[in-house]
Amino acid sequence: MSWTGDSAAGTGQARRGPADLDLNNLDDGRREAEMAMETVKDQNEMAALKTGHEPAGEGLLTLEQARAKLDGKTGKKYWRSLDELADTPAFHEMVQREFPTEAAEWIDPVTRRGFLKVMGASLALAGLSGCTKQPDEQIYPYIKQPEDLVLGRPVYFATAFPFPTGAIPLLVKSDAYRPIKLDGNPEHPFNRGTCDIITQATLLDMYDPDRSQRPLYRGEVRPFIEFVAAFRAMAADKKATGGQGLYILSDTVTSPTLAAQWKKAQKNFPQAKWLQWDPVNRDSWYTASKTAFGDYYDAQYRLEGADVILSLDADFLSGIAHPGFLKLAADYANRRKLLPTPSNPNPEINRLYAVESTPSTTGFKADNRMAIKASEVAGFAASVAAALGVAGAQADASWSSGPRQKFLSAIVADLKANGGKSAVIPGDQQSPAVHLAAIAINQALGNAGKTVVYTETVNPMPAIQGDDIKTLVADMQAGKVDWLVILNANPVYNCPADLNFEQAMGRVNTIVHLGSHVDETALGAHWHINNAHYLESWSDARAYDGTVSVVQPMIDPLYGGKTTQEIIQSLLDDPDMSGYDAVRTNWIGSLPGADKDFAWRKVLHDGFITDTAFQPKTVTAKTGSLSGTPAASAAGTLEVVFRPDPNVYDGRYANVGWLQEIPKPIVSMSWDNAALMSYETRGRLGLAEEDVIEIELNGRKVSAPVFSVPGHPDDMLSLALGYGRQNAGRVGSGPGFNAYLLRTSAALLFAGGAKITKTGKTYPLAVTKSHYTDHRSVFAGGDGSGTHSLEGNEALGRGIVRYATVADFKQHPDFAHDENIPEDPKPNETLFANWRYDKNAWGMAIDMNSCVGCNACIAACYAENNIAVVGKHQTKTGRIMQWIRIDTYFEGDLDAPRAHFQPMTCQQCENAPCEQVCPVGATIHSPEGLNVMVYNRCVGVRYCSNNCPYKVRKFNFLLFSDFTTPSLKLMRNPDVTVRSRGVMEKCTYCTQRIIAAKIAADKQNRDIRDGEIVTACQQTCPTGAIVFGNINDKQSRVAKLKAQQRNYGVLADLNVRPRTTYIAEVINPNPDLDEAQIQSAPVNS
Amino acid sequence: MATIPESPVNDPMLDPITGENLVIAPGHTFKSVTEEVSRIVLTGHTPLGWYFGFALAGSIVIMLLTAISWLVLKGVGIWGLDIPVAWGFAIINFVWWIGIGHAGTLISAFLLLFKQQWRNSINRFAEAMTIFAVICAALFPLIHVGRPWLGYWLIPYPNSMNVWPNFRSPLLWDVFAVSTYGIISVVFWYIGMVPDMGTMRDRCKSKVGQYIYGLLSVGWRGSVRHWMRYESACLLLAGLATPLVLSVHSVISFDFAVAILPGWHTAIFPPYFVAGAIYSGFAMVITLAVPIRKWYHLEDLITLRHLDNMGKVMLATGLIIAYGYAMDVFMAWFSASRFEYFMIWNRMFGPIGWAYWVLITCNIVLPQLLWLRKFRTNPTLLFLISLVINTGMWFERFVIIVVSLTRDFLPSSWGTYKATRWDYMTLGGTLGLFTALFFLFVRFLPMIPMSELRVLLPQSKIRPKAEPLEAGD
């Protein structure tokens, strides 16, 4: 059954329509193939264009010819002949002509399969996986309703998102067996319920209508069984030679079960090779680990015990691209909350130093930050190591004088004073030398074993992927590769440009590609197998702390996709073993207790195996492993740095609309990448923003638009990978430029010696936040600098952002209410009567010290509230629909600014300006203090938005919501209206969650408990910066937060009385490095 | 003429006593006035120019209909609106047209109460202009909403759901203000036309014309009783309409003044908007009057005196709005509000600062030429100045609405605004609609009130000493 897993035998009865009559006798797989032909035809043509092959076609057979051929034949023979005819493209033509063109849609395989699965789930899988989905249209009612299905009441299942840097454990909200929201697993020790932007957005990835839906052979639809036959025949052949010529190229392996399967397979095929390639990988760390420790280890940083943290170009606060992000961010933020508790009345703040190249939220959260070129980080790290007396470390000359020396020595002194209580974190986008230096420094400081521990790797098959891909291409060129199985990798798009993977593919006899989309690599492969999404498949993975997490299907594969395990399993002796059995077999033996089945059920319930986190290993770095620092690129030359995109990562999520649209941190840009550079460099090169330049690096060229970023090092270009896709889908194909075209195997991270030329063209960029420099004189309200951000200056002057240093905070705990700041007017200074809130009064407090600007809340809000994606043009026009945004203000000189991140959403004003001006009463005040929107009543005059001082209301200027794509309908949260055009919408503190909690509480005749309601943004926030609750309850967390002296309302001086308040920042810069720009409080002119 | 004493002034168009231009050229009789006005309507030969002009305006109306159809199909997103600038051309045009619509009622009602008889020859088409401007204006609130088919929800009508509009919202006040103003203007216009309708009925040669004008004249026979009731009705309506002149634009200004947005939230808006409305209204009257008196040879009836007076009104109201602009700037400093201060700075020097200087030039600098009598009495120059003022007043609303919205309280939400072709098509389209309606008006209705004009003639003056009337009456 597993090989014919989706074969829909017997579903003929479930379908209606004219197609039934004539196609009944065809076997199901074949029929499916024909239905798909129309869509596949385009892909054929594309494939032909791409590869130069002719689309496969052996002479077209017209209807007349077919009739002629069949003339005189009768009975069974007639039908068998037609069946045979179906193999030719001519037959497809005939099918098309015989039936309306919509025929393919009428018999949507989703519908048919979905029906079967609803029935199947009720019988076989109830309570275990419950993996099915509702049909789009009603076919048959339930005869017996599945026991656990109560329509309207969601159920939750645990699973995990396998990501190269470690799995993200998830709790999936499922409505009528459709996963509709992904959140962190609150019981999992690694993330404690938090999540991030990419993980949130993989939901849309699963429902992506552009996903590959059928196996293809040379662009033609084939049943999966045909591939299985071919693959098993190959395996049987190869057994004799031990698998000679069988190569497997996968993305980073995350599944221990898969690794175990491969280990078994290697017994049969010792000569076969498994290679891994992800363009963003951990090569530097693994190389350093191998050099220092002699084996591959992972470093776990325990920031709860770190008073001083030094980031060596490590962006550990912005997303899961950095291994262990969720835990690192949580631990970092817990040391910044400064919330006294009975056990800890005087919490101490930590101090973060960042030395970084491409500006990141980590750098801007740092108390002291220095932007240097990527190639200079190694010199800095070596200098720190040398100053700490690490044997073999060579100080770099550029750090021995001037402000750099001052910066270095202050950090060194601080680290020395905090030996054993500090952590030095190297970035994965840095060279092995930096990682080696970090290992040596942590060891010299005595951090190893305390704040830094080394464990086995999360990746069960650690490999230097840069070497893997080189080996593979060399073998391909040498003709050694007979069968190449590409599992979820897209090397045609992202392989180092010098290797020319596409050309090497021509020398491989058979290429199999398993992938979620018919992407660049799929077009060049012979076989393409549609991949099941992780939400549709059985697998396992380790979170970065090592805890084994089970990947369970939330829904049967929408398009009958196959998993990596299924492919590899067919190399084994028991090829039909299902993914479920493979995972279960792999772990059940090691589960605790006598009743293994019970233990396994608990694992499935929890989503992870308890107490499987890695135990720290006692390892010591070899002394003298630190030798030779790679030279920094010469001064005055342009350096190019490649970075994974914070949203689309390495390009694999390019077709996810949410990720394209959500503005990236720091740059506030959506839908594109750009050549990022400093203001100074841009000015010196005589470029304007949105100018298109041609970047030339070692003879390779790419054109990119220019964009300047505050705090970017001079003479350096930052290029985000993952854009310029050709075959990503309707969303992902097109935007941005392909930085991989410049990336060679010798310089995967950064490279010097780039040249740029202005092309004279411009390219519009959708930047959601204006950025002006403040050219106002002091008289006009400015600071006369000409180099500061206008928005930043105004935000500070208006008291929108308030912060103090630790020293100031200790002296003036109420600095956020400085006499210079306009303060909240008295509650009675209003014409309108005040509202009374007898029972619940919902409010929110946002800790600006904790917010790291990672955008996870935005993605959560998109998923929870069915927010529409509007596209690049509309985003650029200013019509992005996000209900919550991260306002980023830059303070000080834009070449070395300080940044403040402020999540901004509807403030639920008690004295709301929007409510007064709505002519039809479509936005009104609820008895619990929410500003609620009545979409049905909204006429769309937009006055409320004009009168909203926070501009958090979003208007459906056009029909932004997708009401037609079937798969997207399945994804929507049924508790939230999908807004049509012409209505205003905004954040309502997730009112649907409030109502759900109220109903639950009412049923039990009790009050709502504190913490029972969490908003989507709060639930996902990795740092716990957002707290929601009842402010009438003085014991609630939110009330306690709001009782702090640092609590203030943004624009509260307008007498709008916002329900959302902010906890002012307290920063902890090194007093020795304290610059004049730090002011304790904003000034009001 | 013989009765007028000798005077040193030789120009027959100048009043020998005051030295001012005459309201009506000398030598006219009841008959000649009636003849001159009614011939335009009753002529059997519609001028080719009329056909040409009407076709041109009509094609622009078709463009407007296209733009509106597309708007209803696609949504207001076809315009350049965004967040933060959620109001754009539609509201600018609305306020602009409503402002233009002020002159009519002001001339017909306000000046009637103040017994400014010079108004008589221009009040009819000024009122027509008002009605057409109100039609153009009323179009915008209807089409600018996100779901135009639900626009009627702004009207307080009893419904089964017991849902009422929000009476705190200035937009609702707009509905009342504009609809009241529209109704009163139409009624006043029509009542004022009744005696002339009688004249037209009597003079019309065609059966259809007689029938229609007969219907419109509602049995007017010119009896003393009719005249008495007519006069009372006019006075009463004038009494009703006069406060409206002040209230309509005051209410419109509340759309902005009630909001908390810097640049909108200011107490000076009601008088300043009314002055601005009268300013632009008179400018539009001149824009229309100058070509009309030229094309239809009505220089005798719409004399330089009218142009001169309207120039003075424009000068006065222009100075009032100049005061308003000055107060904006002063209050930005005096209020010590950072938001207000920034708003003024942004208005002057921000990314759309040029619009502010266009408005200052058009509304304040150039109209100062009206201090010179030469500019007030030269139709061509006055026409040019009126165009400048109407441009300036459009920019005033642009600056107030759009520029204030682009950069408000929270710097992170600052944005910009760029009108699309649909915006321009709608603005241009209403100009076409207005023109087309005006073409119909001048063709089918007496554009100058004959009955009221006759009152201005020396013959109608009741003199203490009975003098023989001139022959030909």
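Read-outs throughout are calculated quantities, based only on the coordinates presented, and are distinct from any laboratory measurement. No experiment lies behind these values; they were computed from the predicted model shown. Because the Cβ atoms are built from the backbone with ideal geometry, glycine has one as well, and the counts that use them run over all protein chains shown.
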Ignoring solvent entirely, what values of log10 I(q)/I(0) come out of the Debye formula for the range A:520-654 at 0.11 Å⁻¹ when each Cα is a single scatterer? -0.70
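In the range B:80-193, what is the volume of the convex hull around the alpha carbon atoms, normalised per residue and reported in Å³?
Values: hull volume 16.0 nm³, N = 114.
Value for the range B:80-193: 140 Å³ per residue.
What net charge is computed for the residues neighbouring A:Val481, neighbours being all others with C-beta under 10 Å from the C-beta of A:Val481, Lys and Arg scored +1, Asp and Glu -1? Working shown, then result.
On the way: positive: A:Lys273, A:Lys480, A:Arg507; negative: A:Asp475, A:Asp482.
Result for the local shell: +1.
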Using a Förster radius of 56 Å, what is the FRET efficiency between B:Phe114 and A:Thr965 based on their Cβ-Cβ separation? Nearest 0.05, please. 0.25
About its Cα centre, the range A:865-964 carries a charge dipole, from +1 on Lys and Arg Cβ atoms and -1 on Asp and Glu Cβ atoms, whose size in debye to the nearest 20 is 440 debye
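Applying 1/(1 + (r/R0)^6) with R0 = 56 Å to the Cβ-Cβ distance of A:Ala631 and A:Ala997, what FRET efficiency is obtained, to the nearest 0.05? Working shown, then result.
Values: r = 60 Å, r/R0 = 1.07.
Between A:Ala631 and A:Ala997 the formula returns 0.40.
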For the charge dipole of chain A, defined by +1 on Lys and Arg C-beta atoms and -1 on Asp and Glu C-beta atoms about the Cα centroid, which residue among A:Pro764, A:Cys990, A:Ala833 has the Cα displaced farthest towards the positive pole? A:Ala833
Quick shape summary for chain A, equivalent ellipsoid via Cα gyration tensor, semi-axes whole Å in descending order, reads 47, 37, 29
What are the lysines whose alpha-carbon lies under 23 Å from the alpha-carbon of A:Lys144, with same-chain residues fewer than 8 places away excluded? A:Lys117, A:Lys133
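Order the peptides A:344-352, B:220-228, A:326-334, A:261-269 from the highest to the lowest mean number of other Cβ atoms within 10 Å of their residues.
Numbers: A:344-352: 15.3, B:220-228: 12.0, A:326-334: 24.0, A:261-269: 16.9.
Descending packing order for the listed peptides: A:326-334, A:261-269, A:344-352, B:220-228.
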Can you compute the modelled spin-label distance between B:His226 and B:Ser69, with each label point 7 Å from Cα toward Cβ, in nm? 4.5 nm
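If you put +1 on each Lys and Arg Cβ and -1 on each Asp and Glu Cβ, how big is the dipole of the range B:141-208 around its Cα centre, in Debye rounded to 20? Don't jump to the answer; show the numbers that get you there.
Numbers: 6 positive and 3 negative charges, 53 e Å.
Computed about the Cα centre, the dipole is about 260 debye.
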Tell me the angle of helix A:89-98 to the major Cα principal axis of chain A, expressed in degrees between 0 and 90 and rounded to the nearest ten. 80 degrees
Plugging the Kirkwood radius over Cα pairs into Stokes-Einstein for chain B, at a temperature of 10 °C and a viscosity of 1.306 mPa s, what D comes out in µm²/s? 66 µm²/s
Using Cα centres only, tell me the gap between the range B:266-322 and the range A:408-443 in whole Å. 77 Å
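Pull out the extension gain between A:Lys839 and A:Asp573, defined as 0.36 nm times the separation in residues minus the alpha carbon to alpha carbon distance; nm, one decimal. Could you put the intermediate results ahead of the total?
On the way: separation 266, 0.36 × 266 = 95.76 nm, distance 6.55 nm.
Extending this stretch completely gives an extra 89.2 nm.
Given that compact globular proteins tend to follow 2.2 N^0.38 Å, what is the ratio of the alpha-carbon Rg of the range A:183-277 to that value? Spell out each step's value before the answer.
On the way: Rg = 18.5 Å, N = 95, 2.2 N^0.38 = 12.4 Å.
Here the answer is 1.49, to two decimals.
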Counting partner chain Cβ atoms within 10 Å of every residue's Cβ in B:333-342, what's the average? 3
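Inside 10 Å of the C-beta atoms of A:1047-1056, what's the mean count of C-beta atoms belonging to other chains?
The per-residue average across the peptide is 2.
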How big is the Rg/Rh ratio for the range A:793-864, C-alpha atoms only, Rh by Kirkwood, two decimals? 1.05
Describe numerically, in nm with one decimal, the distance between label points set 7 Å from Cα along Cα→Cβ at A:Phe598 and at B:Tyr424. 7.9 nm
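Apply the membrane-span-like helix rule to chain B: whole DSSP H runs, Cα extent along the own long axis of at least 20 Å, mean Kyte-Doolittle hydropathy at least 0.5. List the helices found.
On the way: long enough: B:48-74 (39 Å, 1.74); B:120-144 (37 Å, 1.21); B:170-203 (48 Å, 0.70); B:224-257 (48 Å, 0.91); B:269-295 (39 Å, 1.05); B:304-334 (43 Å, 0.82); B:379-398 (28 Å, 1.10); B:421-444 (34 Å, 0.95).
Taking the DSSP H segments of chain B (at least 20 Å long, mean hydropathy at least 0.5), we get B:48-74, B:120-144, B:170-203, B:224-257, B:269-295, B:304-334, B:379-398, B:421-444.
Which value in deg cm²/dmol, rounded to the nearest 500, describes the helix-derived mean residue ellipticity at 222 nm for chain A, given -39,500 (n - 2.57) per DSSP H run of n ≥ 4 and division by the residue count? Kindly include the intermediate steps, with their values, before the conclusion.
Details: 35 runs with 312 residues, N = 1085.
Dividing the helical sum by the residues of chain A leaves -8000 deg cm²/dmol.
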Using only Cα atoms, tell me the angle between helix A:256-268 and the longest principal axis of chain A; keep it within 0 to 90° and round to the nearest 10. 40 degrees
Give the angle, between 0 and 90 degrees and rounded to the nearest 10, that separates the Cα long axis of helix A:579-588 from the longest principal axis of the Cα atoms of chain A. 60 degrees
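Full-extension gain between A:Asn936 and A:Glu1012, please, as 0.36 nm times their residue separation minus the C-alpha to C-alpha distance.
Numbers: separation 76, 0.36 × 76 = 27.36 nm, distance 2.89 nm.
Length gained, A:Asn936 through A:Glu1012: 24.5 nm.
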Would you list which lysines come within 20 Å of A:Lys617, measuring only between C-alpha atoms, while excluding same-chain residues fewer than 8 positions from it? A:Lys290, A:Lys327, A:Lys421, A:Lys450
Which entries of A:Lys239/A:Lys480; A:Lys872/B:Lys74; A:Lys664/A:Lys998; A:Lys826/A:Lys1034; A:Lys406/A:Lys664; A:Lys986/B:Lys74 have Cα-Cα distances beyond 24 Å here? A:Lys664/A:Lys998; A:Lys406/A:Lys664
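Taking the Cα centre of the protein assembly as shown as origin and charging only Cβ (+1 Lys, Arg; -1 Asp, Glu), how large is the dipole, in debye to the nearest 20?
Numbers: 142 positive and 147 negative charges, 623 e Å.
Charge dipole of the protein assembly as shown: 3000 debye, to the nearest 20.
Please report the net charge: other residues with Cβ closer than 9 Å to the Cβ of A:Trp671, K and R +1, D and E -1. Walk me through the numbers before you get to the answer.
Numbers: positive: A:Lys872, A:Lys876; negative: A:Glu661, A:Asp672.
Computed value for this residue: 0.
What translational diffusion coefficient, in µm²/s and rounded to a whole number, does the Stokes-Einstein relation yield for the range A:295-413 at 20 °C and a viscosity of 1.002 mPa s, taking the hydrodynamic radius as the Kirkwood radius over Cα pairs?
Values: Rh = 15.5 Å.
D = 138 µm²/s.
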For the range B:62-108, what number results from the quotient of the Cα radius of gyration and 2.2 N^0.38 Å? 1.50
In angstroms, what radius of gyration and Dmax does the range A:228-370 have, counting Cα atoms only? 22.5, 71
Spacing of the two label points (7 Å from each Cα toward its C-beta) at A:Val155 and A:Arg218, in nm: 4.6 nm
When you count, for each residue, the other Cβ atoms within 10 Å and take the mean per peptide, how do A:654-661, B:68-75, A:729-736, B:304-311 rank with the highest first? A:654-661, B:304-311, A:729-736, B:68-75
What does a probe at B:Tyr323 reach in the range B:274-301, counting residues whose amide N is under 14 Å from the point 7 Å along Cα→Cβ? B:274-276
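With r as the distance between the Cβ atoms of B:Trp371 and B:Ile268 and R0 = 25 Å, compute the FRET efficiency 1/(1 + (r/R0)^6) and round to 0.05. Present the calculation step by step, with values, prior to reporting the outcome.
Values: r = 24 Å, r/R0 = 0.98.
The value I calculate is 0.55.
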If you take every DSSP beta bridge whose two residues both sit in the protein assembly as shown, what share of them, in percent to the nearest 5, is antiparallel? 55 percent
